Each structure stands twice: as structure tokens, then as C-alpha cells.
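Below is one structure; the comments refer to it alone.
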Amino acid sequence: MKLRVKGFGLLLLLVLLALCSTIDVCDARRGKHWRPRSSPSSSLLKKKGKAKKGSSHRQHGGNRRSPPPGPPGVGKGHQTPYQPSPNVPVSPSPSPKPSPDKGNGHSSPQLPSPSCGKGRQPPPQRPPAASASPGAVFNVVDFGAKGDGVSDDTKAFQAAWAAVCKLGASTVLVPSELEFLVGPISFSGPNCKPNILFQLEGTILAPTNAKAWGSGLLQWLEFTKLSGLSIQGSGTINGRGQQWWTYSDPNDDEDDDKYNEELERMPRVKPTALRLYGSSNVVVAGITIVNSSQCHLKFDNCQGVLVHDLTISSPENSLNTDGIHLQNSKDVSIHHTNLACGDDCISIQTGCSNIYIHNVNCGPGHGISIGGLGRDNTKACVSNVTVRDVNMFRTMTGVRIKTWQGGIGLVQDIRFSNIQVSEVQTPIMIDQFYCDKRTCTNQTTAVAVSGVQYENIRGTFTIKPLHFACSDSSPCSGITLTGVQLKPVQIAHYHLNNPFCWQAFGELFTPTIPPIACLQIGKPAGNNLQSYHDIC
């Protein structure tokens, strides 16, 4: 009996030993921290997958939405730099350019933090278009462009455009490190497929001989009737407008007889450097436009416009060289842009609505202006304009509304917020007696101005802090001022003046520096202002 029990026990021990030999003792010790082992191949695949996902944001960078704006006045410095699509053989973008005021040896003043205000929502941003994908790439060099800055490359540009126009959702490439001499050209679009990308990495030069312009043209580079167009890159459009500017430099001792000879031959009609007409959902980003003979960039009859990370530059004494000119255009957003010119940094003309401008550096120039409106007794209407987080340095005016006598129409729902001015002649202005000639005829009718908010307008002035010259027949109404603090800077040959108001009605929400006692509190008597819909 005892032998049987011993035998049975021995058999049981052998069975237990056999079972234990199949157990991984190391894994068993891990207890609750145990995890199934992964094969090396699967781990490698995961890492590769993550790498692809992380790099995908660099593709189609030109048409992506910009990141939220950084601190006011920083310009390009805090923007994510433009990343060209890896499928397009272009050079990388240069380092961000400094703001215009830094070029004068002055640092940009720090803006106050954004206020809540009563302003409206900004216009909707353009959604990413199909043109974000480069599709086929049409390099102008492949169509015969020389890029030597001397040969006429106009026909090569026309041929490249004709090719991309048929296909759509593709790219015209102007490669880097080359200079292309291009005469007046229209990239016409009524029959073009949508979503074309004009990738500018090199330099486009305007002709300097009078023969190229004939009797005069209104524009040099024109894009018309297109949908989903993007003009972007790190390249330059050089209008070489010195041939038209009629100023003389007393410090220039060089013999300029030849220059004056050529100037006399140039037509009186001066071209805008870059004009977009009758187009929708357009983007202009990253490029530089310099020395236009007239306006640098114009949008006419466009809807859905996005401009960002742009640099525009011409000398302070280059006449009528507006930076960005808007006319009959709606749903426009302009941000993180540096503007230095000889006229208005941004000019907003009749037919414009839903305009949103922010994080812009302006100077030198004439400031940001609505108008002049109503010239030659015409109707002019502008509504829903927001200008905020802007630096202005040594400009003629800061934020301005200007209208001609005799016009009709209405400027309504305007907001100027967080404007930092430095040595600006007159930071705040409404002028319903605008006249750019020696004399103008006095007339009774006027484009009405109603609902204008000024919030956190701060800095220094050299002539007058505020100028409200409004019409007797159509007084300005609904003007509100909050956080206005403007201090004088005495500059030689400039005489300081106090705030001026005439027929201006509204409300002071906070005390101002200096005190603005001339604003009439309330509403003008008997001024039954019609609605924007009724007038416009």
C-alpha cells in the first residue's frame, strides 16, 4: 500500500515538473506590469508612421490658415515661415524681414492688449483651396524665360500661364536667384480652371524704357476673373518706379541728365504694380513689392481676399504710391504685413465692406485711410471695417476718414482699436472737406459718417492729436472714444495744435489725453440718418 502511494506521488511530481517547464518565469514575475512583447518590425513601423504624420504639415503650406496672431506689431517675426510644397523645386524662404520702423533705427513700440469693445466679428477666412496642392508645375524657364534681367521674358510668362490655365489646380513657378524682365501683362482668367498657384521665388522687373508703356497703362501685372488664385513665395516684384517719381535728391551729385531725358518720355498715366480684378477667394502671401510707380497692390471687384506676411516698400517721397488699395471688394483680411510708401499704407475706397486689418506696421506713409469718397458728386458706401493692433511710425495721419464735398452715401460701423502711433502728425482724423487741389468748390451735400469707434489709440503726435471736420448738412454721429492717450512731441518747424471738432457728435467713454472737450455729446438735432440699406 505504501509503495502504491509513493508511486502515485512520484507520478504526480513528474506531471507537475512537466507543466512548470512551459512557464516563462521572468514574465510571471512582472505581475500587473507585464505587457505582451512587440516584435522589432512592428515597433519600427510605428516610428515611421509617426515621422510621416509629423512632417505632413509642411505640405501645401502656402494656403493653410495662419496661426493665431502673436504679440501686436511683431510682423513676420512670430509667424510660421512659409514652407513651399516639397513637390515644387524652389529655394527655402529667407529669414523674416524686420519691420519698417526698425530700418530707421527705432524699435516698434509695444501695443496695449486687445480690448473687448463692441466690434463685430471679422469676416470669415478663406477655406483651404484645392490650389494648395501644386499639381503640375510649369516653370517659366522651361517656356524660354532667360531670367538674366535684360532679355524680355514676357512671352515665356504668357506661355506658362496658358498651359496652367487649361489644367487648373497647378503651379506657375518663377524660380529663385533669377531676374525676369516682364512687360505689361494680363493673366486673364474667364476661361481658366480654378485654383492656380503663382509661386514667386525669383524677381520680376518692370521695363524702364518709355516704349514698353506706350501712351500709358493703368496696371503692369494684372490677374483678372479668377477663382482660388494664390500668389505667394519669397520673391520680389520690382516696379522700378523711379522713372516716374519727379523728386530730386539734393545730396545726389551724379549727372542725371540721361535720367531726366527718359523721365520726360514716360507717359503721364502710371501703372499699378500688381492688380487683381473681378476674382474670388484669392491669397497674396509672403512676397515683396517694391518701388511701384503708383499703387503697389490693388484689389478691384474682388470677394474673399486674404493678404498676409507681405512686405511693401517705396521711398517716403514717391508720390501716390499707396501700399494696398481696396475698391468694390468684400470679405477682406489683411494681417502681419509691413507697409512703407509715399501715400496711404492701406486705402479703402467705395464699395468695400467686411474689411478686417490687424497686426500691420505702417510707416513711412499717410496712415490707413477710408476714402477719399464722393469725388465729383458720386455715391460712395463703406461699411463694417475693423483696424486693430497696428503700429504707425512717422506717418502723416494715423487712422483717417476723408470725403469730398458734394458726394452722397454713407460710411458706417468703423472700428479703430489698439493703434500705437509714434511721431505721427495727426493720429485721428475725419475730414469731410477733403481736397487734394489748391481750391475746391464749397458744396452742401456730403457722404455721411456714422458709428465710428476709437479704442486705445496711444502714442505721440507732432501737429494735432485729433481733427474732426464734419459737414454742416450731414454732421458726424455716433463717434465714441475710449482709452485715447496722445502726447505731443515738439519737432522743429511744426506748430502744435489742440484737438479740433466741427459738427462732430458722440460720446467719451473714458477721459482722454489731451482732453477732447470739442466733441458734442449726444446726437445732432434733426439729423435723421437713413440706414445703410436705404442709401447704399
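The values are calculated or read from the model by the stated rules, or taken from the named source; none is laboratory data. Just so it is clear, the model here is predicted, and its values are computed rather than measured. Backbone-built Cβ (ideal geometry, glycine too); neighbour counts: all protein chains shown. These area figures cover heavy atoms from the full protein model, side chains too; ligands, DNA and RNA do not enter into them. Shrake-Rupley method; radii C 1.70, N 1.55, O 1.52, S 1.80 Å.
Yes or no, residue by residue, for (1) under 24 Å from A448 (Cβ atoms); (2) open to solvent by 10 Å² or more (accessible area, probe 1.4 Å):
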residue: D300; (1), (2): no, yes
residue: D331; (1), (2): yes, yes
residue: H336; (1), (2): no, no
residue: N361; (1), (2): no, no
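Scanning for something over 17 Å from I355 (Cβ atoms), open to solvent by 30 Å² or more (accessible area, probe 1.4 Å), among the charged types (D, E, K, R) and without any contact (Cβ under 8 Å) to a residue 12 or more places away in the chain, does region 430-438 turn up at least one residue? Taking every residue of region 430-438 in turn, at least one turns out to be over 17 Å from I355 (Cβ atoms), open to solvent by 30 Å² or more (accessible area, probe 1.4 Å), among the charged types (D, E, K, R) and without any contact (Cβ under 8 Å) to a residue 12 or more places away in the chain. All of (1) within 21 Å of L486 (Cβ to Cβ); (2) in contact with a Phe, Trp or Tyr (Cβ under 7 Å, 6 or more places away or on another chain) hold for G367 with one exception: (2). In this structure, K211 does satisfy being basic (K, R), modelled with pLDDT under 95 and surrounded by fewer than 21 Cβ atoms within 10 Å (Cβ to Cβ).
Among the numbered conditions (1) in a strand (DSSP E or B); (2) open to solvent by less than 20 Å² (accessible area, probe 1.4 Å), the only one that S186 does not meet is (2).
Here's the yes/no breakdown for (1) open to solvent by less than 60 Å² (accessible area, probe 1.4 Å); (2) at pLDDT below 95:
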residue: A162; (1), (2): yes, no
residue: S176; (1), (2): yes, no
residue: I196; (1), (2): yes, no
residue: L200; (1), (2): yes, no
residue: Q219; (1), (2): yes, no
residue: I237; (1), (2): yes, no
residue: Q243; (1), (2): yes, yes
residue: D252; (1), (2): no, yes
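Using the structure shown, decide if E455 is open to solvent by less than 20 Å² (accessible area, probe 1.4 Å) and either without any contact (Cβ under 8 Å) to a residue 12 or more places away in the chain or of a type in the set (D, E) (or both). When the stated conditions are applied, E455 passes them. Can you find even one residue in region 276-291 that is modelled with pLDDT of 95 or more, farther than 15 Å from F223 by Cα, hydroxyl-bearing (S, T, Y) and not assigned by the TED database to the domain that holds Q349? Yes, some residue in region 276-291 is modelled with pLDDT of 95 or more, farther than 15 Å from F223 by Cα, hydroxyl-bearing (S, T, Y) and not assigned by the TED database to the domain that holds Q349. Taken over region 421-469, the criterion of being of a type in the set (A, V, I, L, M, F, W, C), in contact with a Gly (Cβ under 8 Å, 6 or more places away or on another chain) and modelled with pLDDT of 95 or more is satisfied by V421, V424, I428, M429, V447, A448, V452, I457.
Can you spot a residue in region 366-381 that is outside any loop (DSSP other than H, G, I, E, B), in contact (Cβ under 8 Å) with a residue 12 or more places away in the chain and under 24 Å from I491 (Cβ atoms)? For region 366-381, residues outside any loop (DSSP other than H, G, I, E, B), in contact (Cβ under 8 Å) with a residue 12 or more places away in the chain and under 24 Å from I491 (Cβ atoms): present. Annotation note: of T386, T460, T445, the sole residue that is surrounded by fewer than 20 Cβ atoms within 10 Å (Cβ to Cβ) and under 24 Å from G522 (Cα atoms) is T445.
When I414 is tested against (1) over 20 Å from the mean Cα position of the chain (by Cα); (2) under 18 Å from L481 (Cβ atoms), just one condition goes unmet, and that condition is (1).
Can you confirm whether I408 is more than 26 Å from I521 (Cβ to Cβ) and touching a residue at least 60 places away in the same chain (Cβ under 8 Å)?
Working: more than 26 Å from I521 (Cβ to Cβ): yes; touching a residue at least 60 places away in the same chain (Cβ under 8 Å): yes.
Judged against the criteria, I408 is a match.
Applying the criterion of at least 3 residues that are of a type outside the set (S, T, N, Q) to the strands (runs of 3 or more DSSP E) found wholly in region 322-362 leaves 324-327, 330-340, 352-362.
Number of residues in region 209-225 that are under 19 Å from C295 (Cβ atoms) and in a loop (DSSP other than H, G, I, E, B): the value is 3. Residues in region 189-216 that are over 23 Å from the mean Cα position of the chain (by Cα), of a type outside the set (K, R) and within 18 Å of K155 (Cβ to Cβ): P207, N209, A212, W213, G214.
Answer with yes or no whether R400 is closer than 17 Å to G323 by Cα, open to solvent by 10 Å² or more (accessible area, probe 1.4 Å) and more than 17 Å from the chain's Cα centre (by Cα). Answer is yes for this residue.
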